[in-house]
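These notes are about the structure you will find just below.
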Amino acid sequence: MTLAPAAHHTATTAVTSSPPRRDPLRLTEAELAELAAEFDAVRDEVFSRSGQSDAQYIRRVVALQRSLEMTGRACMLFSRHKPLWWAGVGCLSVGKILENMEIGHNVLHGQWDWMNDKEIHSTTWEWDFVAPSAGWQRTHNETHHTWTNVLGKDRDVGYNVLRMDPDQPWKPVNLLNPVINLGLAPAFEWGIAIYDIELDQFLAGKKSGRATFEDFKRVMKKLGRQSAKDFVVSPLLASLTGSGKASIKGFLAANVIRNVWAHTVIFCGHFPDGAETFTEEDVRDESRGHWYRRQAMGSANIDGSRLMHFMSGHLSFQIEHHLFPDMPSNHLARIAPRVREICRKYGIRYTSGPLPRQVFQAWRKVCRLALP
Amino acid sequence: MGHPGIKGFFRAAAGILSYPQDPRSFAQIFGALSSAHYTRGRITRVRRETPDTVTVFFTAGDGWIPHRAGQWARIGVEVDGKRIWRPYSISAPEHGDPSITVKAQGLVSEHIVERAAPGNVLYLERPEGQFLLPDTPTELLFMVAGSGITPVMSMLQTLMPRRPDHDVVLIYVSRNRESCIFHDEILELADQFPGLRPVFWFTEERGRLDASDADALAELCPDHADRVTYACGPDSFVSAVEDLAGSHGGTPVVERFDVTRQFSGGQRGEVRFTRSDMTLEVGPDETVLEAAERAQHQLPHGCRMGICHSCLVPLTDGAVTNIRTGELHREPGPVQTCVTRPAPHAVFDA
Ligand SMILES: Cc1cc2nc3c(=O)[nH]c(=O)nc-3n(C[C@H](O)[C@H](O)[C@H](O)COP(=O)(O)OP(=O)(O)OC[C@H]3O[C@@H](n4cnc5c(N)ncnc54)[C@H](O)[C@@H]3O)c2cc1C
Ligand code: FES
């Protein structure tokens with residue numbers, strides 16, 4: 001494991017910017033209202049500015065993504081030749097990562113709805129990911145973003161298959177935590193697709209059989225088309241140049257690279273040390289200030305280069321994203337210092353760290369919680 | 001381009017590889033003009049007509065249908081990154097590349113007049129409208145004011161070459177010669193086709209023309225009552241023409257470019273959109289549509305003048321008043337949000 005030394009090395013940079021002056025859980029209603037006003041002001045400032053340059057930004061990203069994807073697919077037609085195989089895998093992996101993260105995830109949050117353009121709108125976008133947009137919008141936007149880190153409500157705490165919090169009761173199957181997570185990473189998109197069918201909700205009697213079946217059908221249909229594209233039709237075309245087999249390997253590699261990267265970034269969002277969980281009791285009659293506080297306390301950022309932020313769809317600014325889920329992603333880096341300052345003022349821990357350390361901590365949690 | 005069946009086949013085949021995106025989304029990278037959601041146009045030429053008016057010529061991508069003289073189309077432009085739509089009449093004659101002629105007077109029109117340049121993209125909906133030339137030849141009278149000349153220009157350019165001796169009178173009201181759109185083109189057309197007799201009325205020199213005054217009109221066109229009349233321009237002008245024609249039993253063909261709003265008495269109102277769980281205050285001079293747009297809540301709309309009915313949204317509770325007629329409407333069911341205000345509360349299923 002090369003992760004551990006790296007994590008150790010960086011452990012000297014403090015997790016929080018400075019020691020909390022107040023206990024964030026003891027803020028009075030008046031203080032929480034003030035906190036809400038400060039966060040609202042950050043939001044208003046950005047939304048009053050969004051304009052031409054933002055629209056240009058997202059269109060450029062979309063054009064880059066489509067060019068990468070077309071180049072990648074073209075390379076795959078001749079992937080018998082090693083350099084083209086590598087180029088193809090590179091273009092397709094980056095293309096798929098951009099499509100899912102900086103574009104898909106953010107579009108589906110409605111970050112670009114203000115442009116009033118159906119070509120880049122949360123109600124029309126279908127992403128290059130097996131999980132259909134509609135189901136994901138429900139489990140992610142409605143459930144996870146509303147109930148962030150509330151045990152028993154936010155199903156993203158472990159996705160029903162992992163034990164990710166000490167307050168979740170231990171079951172013998174949790175011994176498999178590390179194995180399951182290791183298996184989940186390369187198959188992340190299929191995992192999410194199955195998760196979005198919400199079989200557990202159906203078994204618990206909270207979701208009708210009909211709705212579950214409809215979701216199941218939708219997933220199967222999309223799974224069929226996604227697989228046909230990458231693993232049947234494209235390889236068939238590539239076989240004309242004798243590249244059929246090589247292209248199957250290439251598409252598999254690109255899909256797996258995307259899955260592992262998405263899994264990695266997403267596990268760094270809420271599971272590193274410092275990101276808190278809550279109980280249903282905590283969120284009863286929650287005000288806007290409470291809500292902001294919970295979102296900030298329950299999320300974790302990743303420090304890194306602009307390229308890393310871009311490739312993570314700016315989910316490396318998880319705290320900012322959870323405070324303002326519909327804020328265009330290209331603004332998150334700019335507001336981060338202000339958000340950090342507001343958190344410091346109210347004693348809220350602003351969890352942030354470099355990628356290797358956040359990955360290490362998330363995995364450490366997966367392993368530790370395998371045991372009772 | 002090609003047979004629709006063949007095109008459909010290729011699109012479906014390409015769609016397997018471009019899934020879940022439409023293949024046209026990828027074609028856009030190479031400058032294609034259409035997408036799964038829109039027909040687009042590319043500006044080819046911009047001509048300044050008057051200090052505050054330009055004509056924008058464009059080529060349209062797949063999905064556009066050739067216009068008939070007098071029709072209008074909804075045009076979408078991007079203002080500060082946001083797509084906004086307004087109806088504009090097509091000023092070019094039939095069978096040519098389409099053009100619109102826009103006079104700067106607000107958000108979208110100013111943007112077009114100041115920024116439109118060759119190469120820019122316009123978003124387009126299909127031409128529509130019933131302001132059309134008659135099927136059989138008759139003596140015609142066109143009465144237009146200001147930018148109301150645009151559809152009529154298309155009609156004259158289409159009609160006159162087809163029937164050079166056609167008896168047509170054009171009464172055209174504008175502020176002065178400088179602000180008179182297409183002034184020289186109209187004179188040229190009249191030179192070429194003697195059947196066309198244009199009458200320019202400059203309000204700076206002659207004051208307001210009362211279009212409902214039969215005597216005043218008779219001076220400009222003695223046989224006006226015997227002609228089939230067309231009127232286009234601001235609501236007040238068009239209504240005056242209608243009043244006069246009505247007095248001698250005629251029904252003119254009309255097109256209004258704006259709405260004269262009934263005074264709301266400074267009353268504010270409130271609307272609620274149940275599906276999006278949103279409650280908004282509606283200012284004294286605002287319509288339901290405008291209030292929703294101000295709150296970044298997009299509602300469907302077309303002409304924004306109460307003519308096309310593309311803005312219908314079901315009213316589920318409360319009441320609205322029509323800002324043109326002052327009529328109160330309280331039955332649940334679809335209402336035109338572009339010409340109504342809450343009275344004073346209204347709930348919509350949107
Ligand atoms: C069928 C049809 C055809 C049309 N064809 C043409 C055409 O060929 N050419 C053309 O130029 N126009 C045409 N119009 C009008 C056009 O659709 C737009 O209404 C016009 O361009 C103004 O839009 P805008 O966004 O620029 O103005 P908006 O910003 O929407 O403003 C609309 C009007 O309100 C006024 N206004 C704006 N802000 C305020 C304020 N704060 N207080 C008070 N008043 C305000 C403006 O001066 C303007 O007159 C047509 C309209 C219709 C219905
Ligand atoms: S938008 Fe045309 S009638 Fe309302």
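The values are calculated or read from the model by the stated rules, or taken from the named source; none is laboratory data. The model shown is predicted, which means the values in this text are computed figures rather than measured ones. So basically every Cβ, Gly included, is an ideal-geometry build from the backbone, and we count neighbours across all protein chains shown. Side chains included, ligands, DNA and RNA excluded: accessible areas come from the protein's heavy atoms. Shrake-Rupley method; radii C 1.70, N 1.55, O 1.52, S 1.80 Å.
Name the strands (runs of 3 or more DSSP E) wholly within the stretch B:285-350 that hold at least 2 residues that are surrounded by fewer than 18 Cβ atoms within 10 Å (Cβ to Cβ), charged (D, E, K, R) and within 16 Å of ligand 2 (Cβ to nearest atom)?
Output list is empty.
Out of the stretch A:50-73, which residues are in contact (Cβ under 8 Å) with a residue 12 or more places away in the chain, over 24 Å from the mean Cα position of the chain (by Cα) and either facing chain B (nearest Cβ under 9 Å) or surrounded by fewer than 16 Cβ atoms within 10 Å (Cβ to Cβ) (or both)?
Scanning the stretch A:50-73 gives a single hit, A:ARG73.
Just to verify a result, which residue in the stretch B:70-88, among those that are within 13 Å of the chain's Cα centre (by Cα) and outside any strand (DSSP E or B), is farthest from the other protein chains (Cβ to nearest Cβ)?
Here the answer is B:GLY70.
Looking only at the stretch A:224-250, how many residues end up being within 12 Å of chain B (Cβ to nearest Cβ), aliphatic (A, V, I, L, M) and open to solvent by less than 90 Å² (accessible area, probe 1.4 Å)?
Adding up the residues that qualify gives 5.
May I ask you to list pairs of residues, at least six apart or on different chains, whose Cβ atoms are under 7 Å apart, with the first in the stretch B:138-163 being within 14 Å of another protein chain (Cβ to nearest Cβ) and the second being away from ligand 1 (no atom under 16 Å from the Cβ)?
none
Scan the stretch B:287-309 and report the pairs whose first residue is under 18 Å from B:ALA346 (Cα atoms) and whose second residue is among the hydroxyl-bearing types (Ser, Thr, Tyr) and within 13 Å of ligand 1 (Cβ to nearest atom), with Cβ atoms within less than 9 Å and a gap of 6+ or a chain change.
Sorted first by the residue in the stretch B:287-309, then by its partner, the pairs are B:PRO300/B:SER310.
Looking at the stretch A:106-119 only, could you name the residues that are open to solvent by 10 Å² or more (accessible area, probe 1.4 Å) and closer than 24 Å to A:ASN259 by Cβ?
A:HIS109
Residue by residue, here is whether (1) modelled with pLDDT of 95 or more; (2) within 16 Å of ligand 2 (Cβ to nearest atom) holds:
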| site | (1), (2) |
| --- | --- |
| B:ASP80 | no, no |
| B:ILE84 | no, yes |
| B:LEU124 | yes, no |
| B:LEU133 | yes, no |
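Give the residues of the stretch B:222-281 that are within 16 Å of ligand 1 (Cβ to nearest atom), closer than 26 Å to B:TRP72 by Cα and in a loop (DSSP other than H, G, I, E, B), sorted by residue number.
Scanning the stretch B:222-281 gives B:PRO234, B:PRO252, B:PHE257, B:ASP258, B:VAL259, B:THR260, B:ARG261, B:GLN262.
Sort out which residues of the stretch A:294-333 are farther than 15 Å from A:HIS270 by Cβ and assigned to a helix (DSSP H, G or I), and write them in order of number.
Within the stretch A:294-333, A:ARG306, A:LEU307, A:MET308, A:HIS309, A:PHE310, A:MET311, A:SER329, A:ASN330, A:HIS331, A:LEU332, A:ALA333 meet the criteria.
Residues to consider are A:TRP86, A:TRP114; find the one that is away from every other protein chain (no Cβ under 13 Å), of a type in the set (Phe, Trp, Tyr) and part of a helix (DSSP H, G or I).
Among A:TRP86, A:TRP114, only A:TRP86 is away from every other protein chain (no Cβ under 13 Å), of a type in the set (Phe, Trp, Tyr) and part of a helix (DSSP H, G or I).
Give me a count of the residues in the stretch B:260-276 that are surrounded by fewer than 19 Cβ atoms within 10 Å (Cβ to Cβ) and closer than 20 Å to B:ARG324 by Cβ.
Going through the stretch B:260-276 one residue at a time, the tally reaches 8.
Just a yes or no: is a residue in the stretch A:199-221 under 23 Å from A:LEU369 (Cβ atoms) and touching an Asp or Glu at 6+ places or on another chain (Cβ under 8 Å)?
Looking for residues that are under 23 Å from A:LEU369 (Cβ atoms) and touching an Asp or Glu at 6+ places or on another chain (Cβ under 8 Å), one finds none in the stretch A:199-221, hence no.
What are the pairs with Cβ atoms under 6 angstrom where one residue, in the stretch A:115-126, is at positive phi and the other, located anywhere, is open to solvent by 20 Å² or more (accessible area, probe 1.4 Å)? Sequence gap at least six, or different chains.
Pairs that qualify, where the first residue is at positive phi and the partner is open to solvent by 20 Å² or more (accessible area, probe 1.4 Å), are A:ASN116/B:LYS82; A:ASN116/B:GLN298.
Within the stretch B:239-265, track down each residue that is within 16 Å of ligand 2 (Cβ to nearest atom) and within 22 Å of B:LEU133 (Cβ to Cβ).
Those that are within 16 Å of ligand 2 (Cβ to nearest atom) and within 22 Å of B:LEU133 (Cβ to Cβ): B:VAL254, B:GLU255, B:ARG256, B:PHE257.
Being within 12 Å of another protein chain (Cβ to nearest Cβ), more than 21 Å from A:THR124 (Cα to Cα) and open to solvent by less than 40 Å² (accessible area, probe 1.4 Å) is the filter here; which residues of the stretch B:16-62 pass it?
Within the stretch B:16-62, B:GLY31 is the sole residue that qualifies.
Among the candidates B:GLU110, B:GLU125, which residue alone is within 12 Å of ligand 1 (Cβ to nearest atom) and surrounded by fewer than 19 Cβ atoms within 10 Å (Cβ to Cβ)?
B:GLU110
Name the single residue, out of those in the stretch B:297-350 being within 13 Å of ligand 1 (Cβ to nearest atom) and among the small types (Gly, Ala, Ser), that is nearest to the chain's Cα centre (by Cα).
That would be B:GLY302.
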